[in-house]
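Asks: Please see the structure below; I have some questions.
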Amino acid sequence: MNGDDEGVVGAPIGDDAMFSDGGSVDDPRRPPARAGKAPAAGGEQMDVEAYAALYTGRTKVARLLFIAERCGNEGMQLEALRMVHDEIKRGEDSHLYAEVVAKIGGRLGSQYDFDQTWVDTVDRRAELRKEKLENELSAYKTNMIKESIRMGYNDLADFYYSHGQLGDAFKNYVRTRDYCTTSKHIIQMCLNIILVSIELGQFMHVSNYVSKAELTPEQLDSVTHAKLRCAAGLAYLETKKYKLAARKFLETGPELGNNYTDVIAPQDVATYGGLCALASFDRTELKNKVIDNINFRNFLELVPEVRELINDFYASRYASCLAYLENLKPNLLLDIHLHEHVETLYLEIRHKAIIQYTHPFISVDLHTMASAFKTSVAGLEKELEALITEDQIQARIDSHNKILYARHADQRNATFQRVLQTGMEFERDVRAMLLRANLIKHESMLKTTKKH
């Protein structure tokens, strides 16, 4: 089967696996590409240290713990736990420290055994700090100074957040709302609540407070706007609204930089936005909103494999595109936000590719198509059967000769049917008008009888 590849709507066509070296910028989740060779089939082990360096704060700890739980590789698990241990000891969350030490289980030596002295010191200092903050807040309430009360609640929320008591932190951040006197205060309150809500997994709150921040009368600065785009994108991703998620990530400006690493890294914006766009955008949208998007191109440069797979998909180099996706998959399954969406997104991208592959042709050889998709003819047949059943592909399969025949609509017959239907509707309307005219002419209109 031969056809013009450029005419295909971004679907998997041909066997030409063109692979780029991916540029010079390294993403720790992405194994180094080898010029002239396809990406390794199963991906390579993530560079945990470089990955962790992309993040700060509690999200760094949460992501490393997630990797430790999911990776299935003891060396990577211990490396992640070691870094979590070191990060926690620079903070004040003694409860999480105890959990991590239990997970390590003495496998990293005596240096990583439970440090009771450190825990006692942190807890004692925390108790004193909490008492001081509560007393200050009570005094502020007595004086009825709104700004002081707002700051008091904010300090108390920060305290709870640093000690891992996210529920209490959320409540106190919300209480600052009644004492915000400027747009800047409202925006800061919204960002604080969004941060805690993301960590709690309460994405409904994330959406609500993104909207509140955007409705403030004061013009948002570019960095805040970028943060809100990312937060909204994560909320839509969590609810599986991939097209809306893609739009939010694509609207994120380069001003984001490293200003939101306590939630998301710029590399994540490229990965999340790119995959969601592939799964939900048509060919025109992919070209206009992704490939030609100058701002988003800055993010894609940080993750060359995502950039290359998007270009390959658009250029109908499907074997190459699917190989890049397969190479990225092991590390994407270790992403705290993306892991549960990987299979769905990959299936959507693959189905979209199959649909677009078949679109320009009257008949398709299943052997050629199976080769392009790196699958068996039997497996491809099952996929095609499902898509035909769901009415996503208008075609029929010749199982004996292994050929897919397109079932194009009879345009000539359809036109005649439309003309006939229009004529019948016109005749009905004319008859109704003539009937009404005759009734008026012969004064046969129904009149309301008057009561005497």
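The values are calculated or read from the model by the stated rules, or taken from the named source; none is laboratory data. Source: prediction; values computed, not measured. Cβ atoms come from the backbone with ideal geometry, glycine included; neighbour counts cover every protein chain shown. The protein model used for the area step is the full one, side chains on, heavy atoms only, and it has no ligands, DNA or RNA in it. Shrake-Rupley method; radii C 1.70, N 1.55, O 1.52, S 1.80 Å.
Asks: Tally Lys and Arg at +1 and Asp and Glu at -1 over the other residues with C-beta under 11 Å from the C-beta of Tyr260: what net charge comes out?
Replies: -1
Asks: Could you list the chymotrypsin sites (Phe, Trp or Tyr not before Pro) in segment 56-143 that lie in coil according to DSSP, counting only those with at most 15 other Cβ atoms within 10 Å of their Cβ? Don't jump to the answer; show the numbers that get you there.
Replies: On the way: sites: Phe66, Tyr97, Tyr112, Phe114, Trp118, Tyr140; in loops: Phe114.
Those satisfying the criteria are Phe114.
Asks: Can you compute the label reach from Asp262? Point 7 Å from Cα along the Cβ direction, backbone N cut-off under 12 Å, restricted to segment 157-174.
Replies: Answer for this model: 157-163.
Asks: So between Ser371 and Met424, what do we pick up on full extension, going 0.36 nm a residue minus the alpha carbon distance?
Replies: 14.0 nm is the gain from fully extending Ser371 to Met424.
Asks: Keeping all protein chains in place, calculate the accessible area per residue for the chain (probe 1.4 angstrom), answer in Å². Write out the running numbers ahead of the final one.
Replies: On the way: 23440 Å² over 452 residues.
It amounts to 52 Å² per residue over the chain.
Asks: A further question follows. Enter the Cα centre distance for the pair segment 410-432 and segment 345-396, rounded to the nearest angstrom.
Replies: Segment 410-432 and segment 345-396 have Cα centres separated by 37 Å.
Asks: Report the local net charge at Ser148: Lys and Arg +1, Asp and Glu -1, summed over other residues whose C-beta lies under 12 Å from its C-beta. If you can, show how the numbers build up before the last one.
Replies: Working: positive: Lys141, Lys146, Arg150; negative: Glu136, Glu147, Asp155.
Overall, the nearby charge balance is 0.
Asks: On a 0 to 90° scale, report how tilted helix 318-332 is relative to the longest principal axis of the chain, with both axes built from alpha carbons and the result rounded to the nearest 10.
Replies: On a 0 to 90 degree scale, this one is about 30.
Asks: Based on the mean of other beta carbon atoms within 10 Å per residue, what is the order of 307-313, 145-151, most packed first?
Replies: So the order, starting with the most tightly packed, is 307-313, 145-151.
Asks: Another question about this same structure. Report Asp47's accessible area, 1.4 Å probe, all protein chains in place, as a number in Å² to the nearest 10.
Replies: 80 Å²
Asks: Sticking with this structure for a sec: Starting from 0.36 nm per residue, how many nanometres of slack lie between Met144 and Ala50 once their C-alpha separation is accounted for? Don't jump to the answer; show the numbers that get you there.
Replies: Numbers: separation 94, 0.36 × 94 = 33.84 nm, distance 4.85 nm.
Result: 29.0 nm gained on full extension.
Asks: Just checking my list (i) 303; (ii) 148; (iii) 266 against volume of the Cα convex hull per residue in Å³ computed from this structure; which label fits?
Replies: Label (iii) holds the value from this structure.
Asks: Which percent of the accessible heavy-atom area of segment 141-258 goes to carbon and sulfur, probe 1.4 angstrom?
Replies: Using a 1.4 Å probe with all protein chains present, segment 141-258 comes out at 50 percent carbon and sulfur.
Asks: Please give every one of the aspartates and glutamates within straight-line cross-link reach of Lys289, meaning a C-alpha to C-alpha distance under 17 Å, and leave out same-chain neighbours fewer than 8 residues apart.
Replies: The qualifying aspartates and glutamates are Glu251, Glu301, Glu308, Asp312.
Asks: Starting from the Cα gyration tensor of segment 112-269, take the square roots of the eigenvalues, sort them a ≥ b ≥ c, and report rounded, prolate or oblate (rounded when a/c is under 1.5, otherwise prolate if a/b is larger than b/c, else oblate).
Replies: Verdict is oblate for segment 112-269.
Asks: Between Ala395 and residues 5 or more places away or on another chain, which pairs have amide H atoms under 5 Å apart, with H built 1.01 Å from N, and which residues are they?
Replies: Amide H to amide H, under 5 Å and 5 or more residues apart or across chains, Ala395 pairs with Arg407.
Asks: Going by Cα centres, segment 68-141 and segment 263-330 are how many Å apart?
Replies: Comparing the Cα centres of segment 68-141 and segment 263-330, I get a distance of 38 Å.
Asks: Moving on to the next point. Order these peptides, 105-111, 178-184, by their mean beta-carbon neighbour count within 10 angstrom, highest first.
Replies: Per-residue Cβ counts within 10 Å, averaged per peptide and sorted highest first, yield 178-184, 105-111.
Asks: What order, most packed first, do the peptides 158-170, 386-398 have when packing is the mean number of other Cβ atoms within 10 Å of each residue?
Replies: Highest-to-lowest ranking by the protection proxy: 158-170, 386-398.
Asks: Follow-up. What is the set of long-range amide H partners of Ser363 at a cut-off below 5 Å, with H atoms built 1.01 Å from backbone N?
Replies: Those qualifying (amide H under 5 Å, at least 5 residues apart or on another chain) are Ala406.
Asks: Got a sec to turn the phi values of segment 78-92 into Karplus ³J(HN,Hα) couplings, 6.51 cos²θ - 1.76 cosθ + 1.60 with θ = phi - 60°, whole Hz, x for Gly and Pro?
Replies: With coefficients 6.51, -1.76 and 1.60, one gets 5, 4, 5, 5, 4, 5, 4, 4, 5, 5, 5, 5, 8, x, 9 Hz.
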